[in-house]
Amino acid sequence: MGNLGTAIGNLAANNGHDVIGWEYHESVVKDINEKHANDRFLSGVELHPSLTATGDLERVVDQADIIFVAIPSAYLRPTLAPVAGRVGEDQIVVNTAKGIDADTGLTAYQTVSRLLRRARTVMLSGPSIADEFARGMPTVVVLAGAERVDLLAVSRVLENRHFRTRFSHDAAGIELGGILKNVYAIGLGLFDGKEITSVNFRSVYLTIALEEMTKLGVGLGAKAETFSYLAGLGDLLATSLSAHSHNRRMGELLAQGNSLEAVEEEMGVLPEGYKTLRMSLDIAEKLHISLPLARGLWDVIHGRSEAQSFIFAFIRDFVEGTP
């Protein structure tokens with residue numbers, strides 16, 4: 001019942017469903033059940049009475065027909081492994097976690113699918129800033145999975161006047177779009193924090209970011225056209241430009257002179273994009289894929305180059321590399 005989990009749970013509750021969510025922090029569980037609020041992770045949003053919380057994950061797994069996984073990817077395995085045997089083939093598991101496991105090299109969706117192998121799995125991604133759709137601002141997301149009947153079941157739980165879904169069979173592309181956009185959202189926050197807010201530069205930056213996302217995604221088995229739609233371009237724009245984006249916020253904090261340790265202390269945990277950046281560069285090297293923008297961001301983040309000099313080098317290299 002973090003930021004996204006609470007927003008999704010409240011969305012389903014407002015659509016007429018009984019929802020129970022798991023949360024590690026006892027104070028959050030208490031606030032949701034007694035005050036119908038989650039000020040820690042989704043402040044200012046009144047929660048529906050049909051949304052309740054518990055600290056007992058087994059209770060959630062045993063009761064739910066559809067399970068939404070909305071936890072940081074680093075905690076997927078230790079959180080889900082103890083209850084994996086309780087999830088059956090009659091349940092649908094919807095993964096919203098986005099990241100790549102540094103130890104296994106598996107994406108969050110692959111990790112969930114292997115841990116909960118008896119369940120039918122669905123991937124949800126797209127422009128879904130929780131603080132926005134939780135307040136009734138309209139958006140459209142993408143659901144991907146093997147069975148259309150499962151996609152329809154999930155869409156019936158989520159859809160209303162302001163929250164709509166589209167379907168895809170490219171689960172790899174849908175997930176990778178949601179993973180990789182976090183990297184470039186950090187970069188835009190970094191430049192905004194340095195007050196480099198040129199619309200021209202933003203346009204070029206986001207265009208090349210999408211190009212790099214597509215190259216790496218195709219190298220990992222996704223379809224190129226997936227990245228031109230909601231879970232690629234749409235999610236990249238939403239995460240990079242939103243004031244509510246945790247990854248963009250990390251970039252802003254770094255631009256203000258904070259160390260990685262200070263950023264982690266400020267935010268509680270480093271956003272997914274930082275670990276994904278490191279993993280993306282490792283994978284790209286193995287696949288012989290050039291990601292100069294991502295490599296430049298890594299150097300800026302670690303103090304090997306200045307943001308201002310990187311921008312001009314990036315523009316120069318882009319122009320020289322264009323036919």
* Asked: Tell me, which helices (runs of 4 or more DSSP H) lie completely within the range 239-311 with 2 or more residues that are of a type in the set (Lys, Arg), in the same structural domain as residue 72 (by TED's automatic domain parsing) and free of Cβ contacts under 8 Å to residues at least 12 places away in the same chain?
  -> none
* Asked: So which residues in the range 7-24 are closer than 13 Å to residue 36 by Cα, in contact (Cβ under 8 Å) with a residue 60 or more places away in the chain and among the aliphatic types (A, V, I, L, M), if there are any at all?
  -> 7
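Can you pull out the helices (runs of 4 or more DSSP H) entirely within the range 14-91 that have at least 2 residues that are over 21 Å from the mean Cα position of the chain (by Cα)? Talk me through it step by step, then tell me what you get.
Details: elements: 26-35, 57-63, 76-80.
By residue number, 26-35, 57-63.
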* Structure fact -> Within the range 194-227, of all residues that are touching a residue at least 60 places away in the same chain (Cβ under 8 Å), part of a helix (DSSP H, G or I) and in contact with a Leu (Cβ under 7 Å, 6 or more places away or on another chain), the one farthest from residue 172 (Cα to Cα) is 205
* **Residue pairs meeting the criteria (Cβ under 7 Å; at least 6 apart or on separate chains; first farther than 19 Å from residue 90 by Cβ and not assigned by TED's automatic domain parsing to the domain that holds residue 8, in the range 135-154; second modelled with pLDDT of 95 or more and of a type in the set (S, T, N, Q))** => none
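Of 122, 183, which residue is aliphatic (A, V, I, L, M), crowded, with 20+ Cβ neighbours inside 10 Å and assigned by TED's automatic domain parsing to the domain that holds residue 44? Even if it seems obvious, please write down each step before you answer.
Working: 183 fails: assigned by TED's automatic domain parsing to the domain that holds residue 44.
Selected residue: 122, the only one of 122, 183 that is aliphatic (A, V, I, L, M), crowded, with 20+ Cβ neighbours inside 10 Å and assigned by TED's automatic domain parsing to the domain that holds residue 44.
Which of the residues belonging to the range 203-244 are aliphatic (A, V, I, L, M), touching a strand residue (DSSP E or B) at 6+ places or on another chain (Cβ under 7 Å) and closer than 14 Å to residue 182 by Cβ? Step through it out loud before you land on a result.
Pass one, the range 203-244, residues aliphatic (A, V, I, L, M): 204, 206, 208-210, 213, 216, 218, 220, 222, 224, 230-231, 233, 236-238, 241, 243.
Pick out the ones that are also touching a strand residue (DSSP E or B) at 6+ places or on another chain (Cβ under 7 Å) and you get 230-231.
The one that is aliphatic (A, V, I, L, M), touching a strand residue (DSSP E or B) at 6+ places or on another chain (Cβ under 7 Å) and closer than 14 Å to residue 182 by Cβ: 231.
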* Asked: Is it the case that some residue within the range 147-161 is at pLDDT 95 or above and under 16 Å from residue 179 (Cβ atoms)?
  -> no
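The values are calculated or read from the model by the stated rules, or taken from the named source; none is laboratory data. Please read all numbers here as calculations on a predicted model, not as lab measurements. Positions of Cβ are backbone-derived with ideal geometry, glycine not excepted, and every protein chain shown enters the neighbour counts.
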